[in-house]
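What follows is a set of notes on a single structure, which appears directly below.
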Amino acid sequence: AQSVTQLDSQVPVFEEAPVELRCNYSSSVSVYLFWYVQYPNQGLQLLLKYLSGSTLVKGINGFEAEFNKSQTSFHLRKPSVHISDTAEYFCAVTRARRNKLTFGTGTQLKVEL
Amino acid sequence: EAGVTQFPSHSVIEKGQTVTLRCDPISGHDNLYWYRRVMGKEIKFLLHFVKESKQDESGMPNNRFLAERTGGTYSTLKVQPAELEDSGVYFCASSPNNSPLHFGNGTRLTVT
């Protein structure tokens, strides 16, 4: 079975500052990794995914994440955040070639002026 | 294309009552999933349909929950009778194959 840990439940940051949202996972098999975002009153939207290949993955809205197998991490980063990035971010993992996602508890990103 | 649609967006019911949640997946998506997020906790898998067949229902909490997908199109999730701990947000998602899931906006269920 897989598990996901998002250590930070809330991350406050000023606009135009960089941000990193942390995600660690555990699994005994090959995995696919995802970041989803939930804006207020909306559903979950895929931000980016790692399936294989390059460990640096670029997603929508200027976000990127790096898969680190040795540290079992998949941290999400953005060099300069905007007010509109305020949302809840979920890291998720699934066994390779499967779609049964295991989610972390989410990180609330609050961007302030 | 139209996204995954869930109805209702909110539901408030009393303990012991019955509630039915509906999900309309993206047209042509054979895979349909139900997930639930209890307040403050992680989003948890409930079950997975492939067309009209239940592929995996290992996440269903107990027999008060019944999911159906007659005809392989829309799906319903019925909770009968509802208990306080059933409160949360129920998400539906669909995908055409082993592709990333497309999620709906969720149904917020409050049991009082």
*What's the Cα-based Rg to Rh of the protein assembly as shown, Rh via Kirkwood?*
0.97
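Please compute the net charge surrounding B:ALA67, taking Lys and Arg as +1 and Asp and Glu as -1 over other residues with Cβ under 9 Å from its Cβ.
On the way: positive: B:LYS54, B:ARG69, B:LYS78; negative: B:GLU57, B:GLU68.
Result for the neighbourhood of B:ALA67: +1.
Beyond a 18 Å Cα-Cα separation, which of these cross-linked pairs lie in this structure: B:LYS54/B:LYS78; B:LYS15/B:LYS78; A:LYS78/A:LYS110; A:LYS58/B:LYS41?
Working: B:LYS54/B:LYS78 15 Å; B:LYS15/B:LYS78 14 Å; A:LYS78/A:LYS110 13 Å; A:LYS58/B:LYS41 27 Å.
Violating the 18 Å limit, Cα to Cα: A:LYS58/B:LYS41.
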*Compute the signed sum of charges (Lys and Arg +1, Asp and Glu -1) over the other residues within less than 11 Å, Cβ to Cβ, of A:HIS82.*
-2
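Set the Förster distance to 22 Å, then compute FRET efficiency between B:GLU68 and B:ASN98 from the Cβ-Cβ distance, nearest 0.05.
Working: r = 24 Å, r/R0 = 1.08.
According to the calculation, E is roughly 0.40.
Over chain B, what is the mean sequence separation of C-alpha contacts under 8 Å (at least six apart), divided by residue count, expressed as relative contact order in percent?
Details: 286 pairs, mean separation 41.9, N = 112.
Reported relative contact order: 37 percent.
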*asked:* Which one, B:PRO96, B:PRO61, B:PRO81, has the greatest fluctuation when you compute a Gaussian network model over chain B with C-alpha springs under 10 angstrom?
replied: B:PRO61
_Accessible area (Å², 1.4 Å probe, nearest 10) - A:GLU16_ = 140
*List, largest first, the extents of the alpha carbons of the stretch B:1-100 along their principal axes, each in whole Å.*
36, 27, 26
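The values are calculated or read from the model by the stated rules, or taken from the named source; none is laboratory data. Computed from a prediction, not measured in an experiment: that's the story for all the values here. When we count neighbours, we look across all protein chains shown, and the Cβ atoms used for this are built from the backbone with ideal geometry, even at glycine. Surface accessibility is based on the protein's heavy atoms, side chains included, excluding ligands, DNA and RNA. Shrake-Rupley method; radii C 1.70, N 1.55, O 1.52, S 1.80 Å.
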